[in-house]
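K.L.:
Can you keep this structure in mind? I'll have questions shortly.
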Amino acid sequence: ESDEFNTNTLGLQWQWHANPKATWMMPAGNLGFMRLYAARLPDSTRNYWDVPNLLLQKFPAEQFTVTTKLRFKPRLQGDRAGLIIMGASYAYLSLVKQDDNTVQLEYRTCNEADRGRAEVSRTHVPFTGHDIYLRVAVEQGGICRFSYSEDGRHYTAINETFTAAPGRWIGAKVGLFCTRTRQTNDAGFADIDWFRIE
């Protein structure tokens with residue numbers, strides 16, 4: 001299953017984590033990508049359980065691999081975009097702009113997110129490119145292995161695994177996000193070239 005984002009409508013398998021706003025996304029299908037704008041995290045945010053602008057879809061099978069290609073164009077410190085496995089506990093691999101204007105690739109997890117627990121940063125490495133390929137392989141029992149690539153051929157694995165947990169009313173989901181921590185009228189964004197499930 002593949003989303004190449006060459007149309008101006010999203011497939012019905014996609015769902016926002018809360019009631020959507022038009023400012024979160026521009027389906028620029030005529031340009032061959034989908035643009036996610038960095039939406040500001042709500043003031044009450046304890047973790048991403050409370051974040052509405054997660055673009056998600058239900059797990060399509062017990063075992064599958066998701067790969068996505070994106071280009072990150074941050075504006076401010078704290079702008080972040082990535083690939084997330086979402087449920088009562090969650091994990092994501094993302095790019096985030098630092099206070100010294102560098103960008104880092106970061107892997108984070110959050111156990112018992114629905115109870116307000118804090119995220120834990122597990123891995124972070126400098127990132128100097130433009131395009132990045134993010135991947136998560138889901139195995140039997142919901143075991144998730146994240147990896148990333150700068151060329152789409154050679155992937156570097158995150159050393160630890162994460163076990164997906166269903167949400168309260170939903171099964172675990174996989175998807176994309178782009179967020180920011182600061183107020184601005186000129187938000188950063190991520191352009192998603194494609195999102196493929198194998």
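The values are calculated or read from the model by the stated rules, or taken from the named source; none is laboratory data. Keep in mind it's a predicted model, so treat the numbers as computed, not measured. Here the Cβ is made from the backbone with ideal geometry for all residues, glycine too, and neighbour counts use every protein chain on show. Areas reflect the complete protein model, heavy atoms only, side chains present, ligands, DNA and RNA absent. Shrake-Rupley method; radii C 1.70, N 1.55, O 1.52, S 1.80 Å.
K.L.:
Pull out the extension gain between T128 and Q77, defined as 0.36 nm times the separation in residues minus the alpha carbon to alpha carbon distance; nm, one decimal. Don't skip to the answer; put the middle values down first.
P.N.:
Working: separation 51, 0.36 × 51 = 18.36 nm, distance 1.56 nm.
Length gained, T128 through Q77: 16.8 nm.
K.L.:
Calculate, in nm to one decimal, what R46 and T184 gain on full extension: separation in residues at 0.36 nm each, minus their alpha carbon distance.
P.N.:
Residue separation times 0.36 nm, minus the Cα-Cα distance, leaves 47.6 nm.
K.L.:
A further question on this structure: When a/c reaches 1.5 or more, the comparison of a/b and b/c decides; with that in mind, is the range 129-198 rounded, prolate or oblate per its Cα gyration tensor?
P.N.:
Note, shape of the range 129-198 comes out oblate.
K.L.:
Related question: How large is ³J(HN,Hα), in whole Hz, for each residue of the range 94-102 in order, when computed from phi with the Karplus curve 6.51 cos²θ - 1.76 cosθ + 1.60 and θ = phi - 60°, using x for Gly and Pro?
P.N.:
9, 9, 9, 7, 8, 6, 9, 6, 7
K.L.:
Given contacts defined as C-alpha pairs under 8 Å and at least six residues apart, what's the relative contact order of the chain, whole-number percent?
P.N.:
Values: 521 pairs, mean separation 62.5, N = 198.
It comes to 32 percent, rounded to a whole number.
K.L.:
If you don't mind, there's one more thing I want to ask. Over 14 Å, how big is the tail of the calculated P(r) for the range 89-130, in percent of all Cα pairs?
P.N.:
When every Cα pair of the range 89-130 is considered, 51 percent fall beyond 14 Å.
K.L.:
Put +1 on the Cβ of every Lys and Arg and -1 on every Asp and Glu Cβ in the range 37-133; which of P52, L105, L70 then has its Cα farthest towards the positive end of the dipole?
P.N.:
Result: L70, furthest along the dipole toward the positive end.
K.L.:
Still on this structure, please answer the following. Taking each pair of different alpha-carbon atoms in the range 103-151 once, compute 1/r for the pair, average those values, and report the inverse of that mean as the Kirkwood hydrodynamic radius in Å to one decimal.
P.N.:
In the range 103-151 this quantity evaluates to 12.7 Å.
K.L.:
On to the next question. Ignoring ligands, DNA and RNA, please state the percent of accessible area on the chain from carbon and sulfur, probe 1.4 Å. Working shown, then result.
P.N.:
On the way: 4400 of 9700 Å².
Accessible surface attributable to carbon and sulfur in the chain totals 45 percent.
K.L.:
Between the DSSP loop rule and a limit of at most 10 other Cβ atoms within 10 Å, which GluC sites (Glu not before Pro) in the range 26-129 are left? Walk me through the intermediate numbers first.
P.N.:
On the way: sites: E62, E106, E112, E119; in loops: E62, E112, E119.
Loop-located and lightly packed - E62.
K.L.:
Between the alpha-carbon centers of the range 143-198 and the range 37-83, tell me the distance in whole angstrom.
P.N.:
A separation of 6 Å, based on Cα centres.
K.L.:
Zone of F64 (label point 7 Å along Cα→Cβ, backbone N under 14 Å): which residues in the range 154-198?
P.N.:
Backbone N within reach: 171-176, 195-198.
K.L.:
Taking only Cα atoms and a 10 Å spring cutoff, compute GNM fluctuations for the chain and point out the largest among K21, K173, K73.
P.N.:
K21
K.L.:
Now a separate question. What shape does the range 29-120 take by its C-alpha gyration tensor, where a ≥ b ≥ c are the square roots of the eigenvalues and a/c under 1.5 counts as rounded, a/b above b/c as prolate, and the rest as oblate?
P.N.:
It is oblate, given that a/c is not under 1.5 and a/b is not larger than b/c.
K.L.:
Calculate the radius of gyration of the Cα atoms of the range 68-165 to one decimal place, then report Dmax, the largest Cα-Cα distance, as a whole number, both in Å.
P.N.:
13.4, 41
K.L.:
Can you check how the C-alpha radius of gyration of the chain compares to 2.2 N^0.38 Å, as a plain ratio?
P.N.:
Details: Rg = 15.3 Å, N = 198, 2.2 N^0.38 = 16.4 Å.
Its radius of gyration relative to the 2.2 N^0.38 Å reference: 0.94.
K.L.:
Along the Cα→Cβ direction, 7 angstrom out, place labels at W16 and S121. What is the inter-label distance in nm?
P.N.:
2.9
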